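A short write-up of the structure that comes next.
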Amino acid sequence: MGNNLLRRDIMIEIFISKDFSTTPGGRYIKEGPYSGEEFRENILYPKYLEATEAKKKLSVNLDGCFGFAPSFLEESFGGLARKLNNNKILNDIELVCNDEPGVVDRIKNYVSNALNKR
Amino acid sequence: MKFKLKPLHILILIVVFVLFVLSLISIHYNSAKTFFGINISSVLSIGVTIVFSVVLVQSLTDERKQKEVIDNIIMDLKLSLTDKKYYIITGETDKDSLLDSIRVLANNIDYLSNVNSKFINQNDVAYIKHIFEEYQNLVGDHITDLSYLSKSKKELERKINLIDSKLTNMRLEIYGMKKQ
């Protein structure tokens, strides 16, 4: 319990299933609701700025959702990397996904690829 | 009433058997000294052979069990992929249930990618991951438009079949059945 309080104090948390949707969609807003672009612009990017200004880490919890299209993840996190153009982005974000552990590595690859293609 | 053999009974039987054998040896020892005579180098040779055999058999058994675990994951995947729900999507399809099932596939494919490359060809796994990502993209990008997905049956089925074929190939390779 004490540890959780400490974590909340040093982290800003996003729970995609509660803060956004349990059924994330595709890549772009024009493709339909709950897209990666929508998530990035409305939640991920503002929260990232909030966390860095407060000198806190941003925790993104992907549990509780019914799966993620790769295009959603790439547009959300790869898109954030392209928007910020910042090598330290992976140090600033903690990713949690116990439902589908492979998602965390995929997101890191998307971010790395997005930064490498600058 | 059925007589059930308990560990104590087994222990008593073993002790009786050992005592019986020892008594036979002691009775016949004097008349067959050359039979029971043995030098230390022979004892060592026998001991080394026994230890080596046990270790080798154990290691081969372990490897076989490891292959079976991997094969079970592959078979789980193949069995799941026989379900037409992965490519026949209609307006009645439960989106959440479909996405959840797709995640189970994703997890199993991830397990294969973490397996020691001694057992499976990681290029095959990379191929499967690539095709499956295309499949996930197609479903995920249009999950809110089931009519689109209902018209994409051919493409979805093609990807599922490609994954299934590659899994069959992997099974053959695990058990060394492919022609070199």
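Every number in this text was worked out from the coordinates using simple rules, so none of it is lab data. Remember, it's a predicted structure, so these values are computed and weren't measured experimentally. Note that we place each Cβ from the backbone using ideal geometry, even for glycine, and neighbour counts take in every protein chain shown.
Of note:
- The set of residues in the stretch A:58-74 being within 14 Å of chain B (Cβ to nearest Cβ) and either among the polar types (S, T, N, Q) or assigned to a loop (DSSP other than H, G, I, E, B) (or both) consists of A:62, A:63, A:64, A:65, A:66, A:67, A:68, A:69, A:71.
- Considering the stretch A:106-118, the residues that are in contact with a Leu (Cβ under 8 Å, 6 or more places away or on another chain) and among the basic types (Lys, Arg) include one that is surrounded by the most Cβ atoms within 10 Å (Cβ to Cβ), namely A:106.
- Count of residues meeting criterion [within 14 Å of chain B (Cβ to nearest Cβ) and surrounded by 22 or more Cβ atoms within 10 Å (Cβ to Cβ)] in the stretch A:75-105: 4
- Pairs with Cβ under 7 Å, 6+ apart, first in the stretch B:88-107 and at the interface with another protein chain (Cβ under 7 Å from one of its Cβ atoms), second β-branched (Val, Ile, Thr) and part of a loop (DSSP other than H, G, I, E, B): B:95/A:23; B:95/B:143; B:96/A:23; B:99/A:23; B:99/B:143
- The condition of being in contact with a Ser or Thr (Cβ under 7 Å, 6 or more places away or on another chain), closer than 26 Å to residue A:98 by Cβ and either surrounded by 14 or more Cβ atoms within 10 Å (Cβ to Cβ) or facing chain A (nearest Cβ under 9 Å) (or both) holds for only one of B:125, B:139, that being B:125.
- In the stretch B:65-109, the residues that are outside any helix (DSSP H, G or I), farther than 21 Å from residue B:169 by Cα and out of contact with any helix residue (DSSP H, G or I) (no Cβ under 7 Å at 6 or more places or on another chain): B:92, B:94
- Filtered by the rule that a residue be assigned to a loop (DSSP other than H, G, I, E, B), surrounded by 14 or more Cβ atoms within 10 Å (Cβ to Cβ) and among the hydrophobic types (A, V, I, L, M, F, W, C), the stretch B:142-180 gives a lone residue, B:143.
- Number of positions in the stretch B:110-122 that are within 10 Å of chain A (Cβ to nearest Cβ) and part of a loop (DSSP other than H, G, I, E, B): 1
- In the stretch A:29-55, the residues that are within 14 Å of chain B (Cβ to nearest Cβ) and assigned to a helix (DSSP H, G or I): A:29, A:30, A:31, A:36, A:37, A:38, A:39
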